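Q: Quick one: structure below, then a few questions.
Every number in this text was worked out from the coordinates using simple rules, so none of it is lab data. Being a predicted model, the structure only gives us computed values, none of them experimental. Note: ideal-geometry Cβ built from the backbone for every residue, glycine included; neighbour counts use all protein chains shown.
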Amino acid sequence: MNKDFFSKERFKYIIILALFNYIFLGTEYLFDNIVGDIKPQSVVTAQSYILGASVLGFLFFAIIKKYINKKLKYGLLSAFIVVETLLFALMEYSESYGFVVITGCVMFALFGVMGSAVYYIASVYLKRNRNVASTIGLAYGLGIMFQFGDNNIVASKIARLIIFAIVLVVWIAIILNLYLEENAESQNEKSRKVKYEKTASKNIECKNTASKNAEYKNSRITAIVLIITIMLMACIFSTLDNIVTYYHSKGIMDIGQYPRLLLAISGVVAGVLFDLKERKLMCLIMYSVTLLSTICMLVITMGEPFIIGLVVFYLSAGFFSVFFTTAFVNLSFEMKTPELWAGMGRATNNLCAALMGTVFFSLFNSTNMLSNSIVIIILFVFVSIFMAIYYGKNSKKSYVGESLESDDNKMENFVQQFSLSKRECEVLETLLKSDKNVKEIAQELYISRAALYRHISNMNEKTDTKSREGLIKFYYQWEKSGKN
């Protein structure tokens, strides 16, 4: 981890991710308990419904971001708190299976929207920082710890409802704070915006091919391969999850107790391990964990003790969650609509859990061990194939990344030479790697156009250039001149 890992700014992003994990997983746990009290045999099926509903929310966020204006978004955030709190109360006190399922589906669809928003907001920050997996892993572990404390301390329904509402308010407040911090600096720049926009608008459409050296060779193919890989892996992990949920609904094991701490620990450890050598070992580590989980499934289908599955599930599930989140956050950096792709990891996992979880769970109840074993092995073979393809693409990207290490040093020297601020450095890096217009770049950096114009204008003054295009040309000429 770099020295600024525990900075105040990063801490806020860790918290919003942790609170999402706590709210989403904690409510899922409560939902399972409520359904288990009403109709125990339908817990696994009901869980697939709410996970499927959450997928719609994850996908819908990109539409909301594009077509709904800022003022309406603020109103929707307030409505989100009220509606979710009301639905939570209705779900807690209902005794109807159908009503609980419908309420849960609406709740999780809304959770999906906000979850996708949080992943996108965090990805904007993580794009300009290292330790992506460590940040995601720590947030995951912290969220599980919050849930563990809630499960073991709060017993009253009223207390649980109050805590839920308070957490929602705090969560939304931090999200708004992060957004407003990015835009506050533009409040005094309106007069400068008009002056500078005339100059900058002439260069809005300038193209820069430097980004080709830092992007996937074919990001769309990479996205498809990654989705297939995660869905195949999710079949394994969702089956283990459903087995654990099944035993929980039967009262054999409470998944909210101390074994769940293994899940928090595995998430944190996964983040640290994945970030080793700039995430070059991430695929290899995840493949090893998947192999272990596959062996565990084979052991369980042969009638071995459930405790084996429980331990392996908790040790591996954290790795899987951090893996698919990190993989898609990284991928979103290269996509034209990052707001859609940043949360696609959770959406893909939930979709597979909803569609295939119950199917593969039936293997657990089947008595034909030979056919079950064949299906599991074939599944792992496909996981291996697509993981190898994805690893190959990541290796190419890593190779390109190594060739750009010297460019990073040049950037540091450039920043020091011309006394650029941290934010100006981030803007310059984005300008060098992006061929988008000013509006799109501002959205990508999560700042206003006025703020972006100001940063470019300041850099123009410091480098004695007159436009965005001139700044970019000056940077590359400065590199070639050997002034660094």
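Q: How would you rank 166-179, 448-461, 70-83, 318-331, highest first, on the average number of other Cβ atoms within 10 Å across their residues?
A: Top of the packing list down: 318-331, 448-461, 166-179, 70-83.
Q: Order by neighbour count: THR463, THR103, fewest other Cβ atoms within 10 Å first, most last.
A: THR463, THR103
Q: Something else now. Could you give the nm distance between label points at ARG220 and ASP435, where each point is 7 Å from its Cα heading toward the beta carbon?
A: 1.4 nm
Q: Points 7 angstrom from Cα along the Cβ direction at VAL415 and ALA173: gap in nanometres?
A: 3.2 nm
Q: Show me, for region 329-335, the HN-Hα J-couplings you get by feeding each phi into the Karplus relation (A = 6.51, B = -1.76, C = 1.60, θ = phi - 60°), rounded to Hz, glycine and proline as x.
A: Along region 329-335, the couplings run 4, 4, 5, 4, 4, 9, 9 Hz.
Q: Quick one, can you get me the convex hull of the C-alpha atoms of region 121-164 expressed as volume per residue in Å³?
A: 66 Å³
Q: Ranked by Cβ crowding within 10 angstrom, fewest neighbours first, how are ILE376, ILE38, ILE144 ordered?
A: ILE38, ILE376, ILE144
Q: Could you list TYR446, TYR13 in order of exposure, starting from the residue whose Cβ has the fewest other Cβ atoms within 10 Å?
A: TYR446, TYR13
Q: Kindly provide the Kirkwood hydrodynamic radius of region 404-481 in Å, to one decimal, from all pairs of distinct alpha carbon atoms.
A: After inverting the mean inverse Cα-Cα distance, the result is 12.6 Å.
Q: So if we plug the beta-carbon distance of ASP464 and LYS73 into 1/(1 + (r/R0)^6) with R0 = 56 Å, what FRET efficiency do we get, rounded to 0.05?
A: 0.90
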